[in-house]
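Asks: Could you have a look at this structure, given as structure tokens, before my questions?
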Amino acid sequence: MKNMFVRPARPDDADKFLKYSLETPGNLFDPGVPQYQNTFIRCVFDSNGPVLFAPIQRPLVIDALAFRPESGSMERAVAMKEMVQDVISQAYIQGSGEVMFVCKDSSTAEFAKRQLFEELPYRLFRIRLKDLEPKHDNKIPNI
């Protein structure tokens with residue numbers, strides 16, 4: 001097998017990137033993602049040229065909601081609406097093109113839909129860096 005390396009995509013890769021993106025079966029390519037301010041595109045290549053392109057975006061993710069236990073449903077709804085508005089503002093400031101919302105509760109999911117979140121038909125996967133080296137604390141040393 002040939003050696004492969006990774007580099008940033010270059011302007012002269014644009015035609016191949018688009019061709020590969022449109023022709024890869026089952027690809028979830030969204031042509032808007034490469035346009036986001038903080039998206040960057042990586043290229044895996046070998047001696048024959050590019051093998052893989054991957055746009056890497058940095059969406060903001062609302063990961064969990066922790067409510068005051070005695071708060072009522074109206075207070076919770078207003079608080080969630082305020083949080084969504086703030087996260088959208090932060091996405092604009094940081095150049096993120098998307099806001100993701102992770103939730104399990106059905107009433108919260110319905111709220112998210114009313115706040116213009118789109119329910120995605122995809123499976124979501126993650127890697128926790130702390131799990132890659134379970135015996136290491138992964139803290140950045142103070143230098």
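Asks: In the stretch 34-69, which residues are of a type in the set (A, V, I, L, M) and out of contact with any Ser or Thr (no Cβ under 8 Å at 6 or more places or on another chain)?
Replies: Result: Ile41, Val44, Val51, Leu52, Ala54, Val61, Ile62, Ala64, Ala66.
Asks: Across the stretch 5-24, what is the number of residues that are farther than 16 Å from Val44 by Cβ and open to solvent by less than 100 Å² (accessible area, probe 1.4 Å)?
Replies: Counting residues in the stretch 5-24 that are farther than 16 Å from Val44 by Cβ and open to solvent by less than 100 Å² (accessible area, probe 1.4 Å) gives 2.
Asks: Scan the stretch 47-82 for residues that are touching a residue at least 12 places away in the same chain (Cβ under 8 Å) and farther than 28 Å from Pro31 by Cα and jot them down.
Replies: Ala64, Leu65, Phe67, Ala77, Ala79, Met80, Lys81
Asks: Could you figure out which of (1) surrounded by 10 or more Cβ atoms within 10 Å (Cβ to Cβ); (2) modelled with pLDDT of 95 or more; (3) under 30 Å from Asp105 (Cα atoms) isn't true of Asn27?
Replies: Failed condition: (2).
Asks: Counting only residues that are open to solvent by less than 60 Å² (accessible area, probe 1.4 Å) and in contact with a helix residue (DSSP H, G or I) (Cβ under 9 Å, 6 or more places away or on another chain), give me the helices (runs of 4 or more DSSP H) lying completely in the stretch 37-143 with at least 2 of them.
Replies: 73-94, 106-114
The values are calculated or read from the model by the stated rules, or taken from the named source; none is laboratory data. No experiment lies behind these values; they were computed from the predicted model shown. With ideal geometry, Cβ positions are generated from the backbone for all residues, glycine too; neighbour counts draw on all protein chains shown. Just the protein is used for accessible areas: all its heavy atoms, side chains included, with ligands, DNA and RNA removed. Shrake-Rupley method; radii C 1.70, N 1.55, O 1.52, S 1.80 Å.
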